[in-house]
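Only one structure is covered here, and it is reproduced in the block below.
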Amino acid sequence: MPEMNHRGYRLHVEGAPGAQAAVRLEGRLALEDLKALMADLQAVPVKMKPREIAVDVAGVEYLDSAGAMALIEMENLSRSLGIPFELLGVSEKDHGLLCLIDREALQRPPLRPESERPAIVVRLGEVARRQYRDVLEIMTFVGELVAALAYCLVHPRSIRWEEVKFYMKRAGADGLPIVALISLLLGLIMAFMSSLQLKQFGANLYVANLVTIAMVRELGPIMTAILVAGRSGSAFAAEIGTMVVNDEVNALVTMGFDPIRFLAVPKVLAAMVVVPILTVYADFFAILGGLIVGITGLDLTAFTYIQQTKSSIRVFDFATSLVKAVVFAMLISGIGCQRGFQVRGGAEGVGMSTTSAVVSAIFLIIVADSAFAIMLHYVRH
Amino acid sequence: MASSNTEPVIIVEGLTARYGEVTILQDVSFEVYRGERFMILGGSGCGKSTLLKHMIGLIKPHAGRVVIDGVDITRADEETLHRVRSRIGVLFQADALFGSMSLAENVSLPLAEYTDLPPELIREIVRMKLGLVNLAGYDNHMPSELSGGMRKRAGLARAMALDPTFLFYDEPWAGLDPVTAAELDILIRSLNEGIGTTMVFVTQELASIFSLGQRVIMLHKDVKGIIARGTPQELRETSSDPRVNHFFNRQAD
């Protein structure tokens with residue numbers, strides 16, 4: 001019973017159940033027809049159930065490893081059903097290919113089973129252990145960083161000032177436009193939204209107080225810190241992480257450099273200088289945003305608005321906001337560098353550490369800000 | 001002539017490669033025959049890897065053309081290029097395995113993209129390919145858990161996933177110990193002879209040039225092109241060019 005199809009190969013099967021089956025294959029036995037070929041070939045021993053099978057491949061023009069695999073699978077299947085199997089007319093080249101395929105490998109299960117989802121208790125334990133290790137690593141890093149900073153304080157000439165300047169430009173000057181834009185818009189929004197409420201009581205003027213107090217005390221440092229975490233904290237982590245992956249950090253160690261002093265200290269110092277400056281910028285632009293709303297929407301003069309702004313803010317508030325900014329800068333740059341040093345593996349590790357640097361930095365900023373809020377409350381009164 | 005078959009399947013014609021204003025290769029022409037092991041040799045910075053990148057269509061040449069199996073890949077549209085690419089396998093110098101995927105996932109990626117085979121059949125092909133490169137059983141291992149030689153072989157298994165007609169190797173022996181390199185030679189030779197894949201190597205590894213190379217061309221940065229062609233033995237024994245002699249006898253210029 002000859003059988004034709006539209007594929008690259010032609011299959012002729014002759015024989016009957018219980019008798020010998022003669023299979024003749026012609027054309028291309030290749031990957032593109034593998035699905036059909038496997039089905040056709042395996043149907044012979046399974047459906048026909050002959051006494052023995054002889055496959056003639058003399059007419060095969062092209063055989064690739066997928067085609068060879070189909071033939072070997074047919075042989076394996078026939079043998080497992082107790083049907084003798086013979087391959088005829090194999091050219092020298094095809095013989096080489098058939099020999100290359102490791103028959104045992106097709107059956108052998110993987111050395112390691114596919115990873116299954118462990119039980120919830122195991123997973124919880126894993127997470128807890130990872131968190132514990134993470135906290136330990138962060139504490140170790142903080143210790144090392146503080147030691148390195150202290151060393152640099154005593155030996156200021158050991159600081160790589162060129163690097164510090166470079167990162168000041170990267171984290172500071174290059175970030176000015178986005179900080180200015182976002183703060184200006186924030187000021188506009190705050191002033192506009194609050195003016196809708198305050199207008200009802202004829203308290204238009206107090207828009208200036210609201211914008212200034214909110215911005216200088218809270219939002220200025222926080223907004224700036226979050227922006228810097230996104231721009232620079234992530235960049236620090238990615239940069240150091242890639243250096244770890246490329247063995248550059250190991251190279252530093254073998255050359256006798258302390259990687260923390262060499263890589264982390266310049267970044268932390270740069271951040272500690274520029275984040276307070278960026279915060280002042282943010283405050284200024286937010287107040288400018290409020291001023292724009294005040295003049296255009298609330299019939300206030302620039303002079304009154306600025307006077308009101310000046311009277312609403314104390315030097316103490318301004319100073320504490322700068323202190324906060326310095327603390328945030330240390331958190332952002334410190335965690336960014338730490339996540340970078342933590343990287344293991346390759347590209348994926350760098351990606352994970354970058355994400356983690358931003359998320360951890362924002363988390364720490366909020367925690368620190370809460371601590372400041374409580375502390376300052378008692379200092380003020 | 002080591003290869004009896006002289007049907008050209010890869011034709012590079014008048015290829016000029018430039019990065020910006022800098023010319024790397026000037027008017028390079030040669031042919032690769034079906035089923036042969038062809039090697040592109042030369043010292044560092046002579047443009048070997050640049051030539052390879054042009055041959056696999058990663059970079060478009062400034063002038064000239066590259067014809068693979070009748071298709072001019074420098075002018076082909078995306079669809080044609082996609083089809084040609086499914087017949088090309090590349091083993092990159094740094095193995096380029098995806099670190100976030102297991103070996104089985106790495107090898108099955110091109111199969112899932114270019115064929116509509118059911119997952120069980122793809123798994124079976126993957127097992128077969130890993131067996132071909134002597135990595136049977138390593139399906140669920142991650143690339144980072146393997147040694148350099150094993151990663152190279154896994155990269156080869158991925159490059160061969162679709163039974164390509166053409167396999168390109170960029171410095172396959174770089175960073176391998178001599179024993180592992182020799183094992184890779186044996187594997188490559190048996191794949192070439194068993195499957196009949198046309199293979200193009202970019203290399204400067206003398207031992208493997210002599211054990212595997214059938215025809216070679218040698219590039220040099222001074223002429224920005226080919227300074228010698230022939231079999232490795234011919235070049236070593238008969239070339240009068242001192243640059244070729246220095247290369248084959250491992251001498252300083």
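The values are calculated or read from the model by the stated rules, or taken from the named source; none is laboratory data. Since this is a predicted model, take the numbers as computed values, not measurements. Virtual Cβ from ideal backbone geometry, glycine too; neighbours counted across all protein chains shown. Heavy atoms of the whole protein, side chains included, go into the accessibility calculation; ligands, DNA and RNA do not. Shrake-Rupley method; radii C 1.70, N 1.55, O 1.52, S 1.80 Å.
Please go through (1) open to solvent by 90 Å² or more (accessible area, probe 1.4 Å); (2) in contact with a Lys or Arg (Cβ under 9 Å, 6 or more places away or on another chain) for A:ARG123 and return the number of the only condition it doesn't satisfy.
Among (1) open to solvent by 90 Å² or more (accessible area, probe 1.4 Å); (2) in contact with a Lys or Arg (Cβ under 9 Å, 6 or more places away or on another chain), A:ARG123 violates only (1).
Any residue at all in region B:54-71 that is modelled with pLDDT under 90, more than 18 Å from B:THR198 (Cα to Cα) and small (Gly, Ala, Ser)?
Within region B:54-71 (the criterion being modelled with pLDDT under 90, more than 18 Å from B:THR198 (Cα to Cα) and small (Gly, Ala, Ser)), the answer is no, since none of the residues qualifies.
Condition test on B:VAL84, is it away from chain A (no Cβ under 14 Å), modelled with pLDDT of 90 or more and surrounded by fewer than 23 Cβ atoms within 10 Å (Cβ to Cβ)?
For B:VAL84, the condition - away from chain A (no Cβ under 14 Å), modelled with pLDDT of 90 or more and surrounded by fewer than 23 Cβ atoms within 10 Å (Cβ to Cβ) - is not met.
Please count how many residues of region A:13-38 are small (Gly, Ala, Ser) and at the interface with chain B (Cβ under 10 Å from one of its Cβ atoms).
Residues meeting the conditions: 1.
Being under 51 Å from the mean Cα position of the chain (by Cα), free of Cβ contacts under 8 Å to residues at least 24 places away in the same chain and away from chain B (no Cβ under 13 Å) is the filter here; which residues of region A:65-104 pass it?
Result: A:GLU75, A:ARG79, A:SER80.
Of the numbered conditions (1) more than 11 Å from chain A (Cβ to nearest Cβ); (2) open to solvent by 10 Å² or more (accessible area, probe 1.4 Å); (3) not hydroxyl-bearing (Ser, Thr, Tyr), B:VAL200 satisfies every one except a single condition; which is it?
All conditions are met except number (2).
Within region B:39-146, which helices (runs of 4 or more DSSP H) (wholly inside it) include 3 or more residues that are in contact (Cβ under 8 Å) with a residue 60 or more places away in the chain?
Answer list for region B:39-146: B:48-55.
Of the numbered conditions (1) in contact with a helix residue (DSSP H, G or I) (Cβ under 9 Å, 6 or more places away or on another chain); (2) open to solvent by 30 Å² or more (accessible area, probe 1.4 Å); (3) within 14 Å of chain A (Cβ to nearest Cβ), B:LEU135 satisfies every one except a single condition; which is it?
Every condition holds for B:LEU135 apart from (2).
Kindly provide the set of residues from region B:203-235 that are part of a loop (DSSP other than H, G, I, E, B), open to solvent by 10 Å² or more (accessible area, probe 1.4 Å), in contact with a strand residue (DSSP E or B) (Cβ under 9 Å, 6 or more places away or on another chain) and not basic (Lys, Arg), ordered by number.
Passing the criteria: B:GLN204, B:GLY213, B:GLN214, B:VAL223, B:THR231.
Applying the selection to region B:164-195, what residues are away from every other protein chain (no Cβ under 14 Å) and outside any helix (DSSP H, G or I)?
Passing the criteria: B:PHE168, B:TYR169, B:ASP170, B:GLU171, B:PRO172, B:TRP173, B:ALA174, B:LEU176, B:ASP177.
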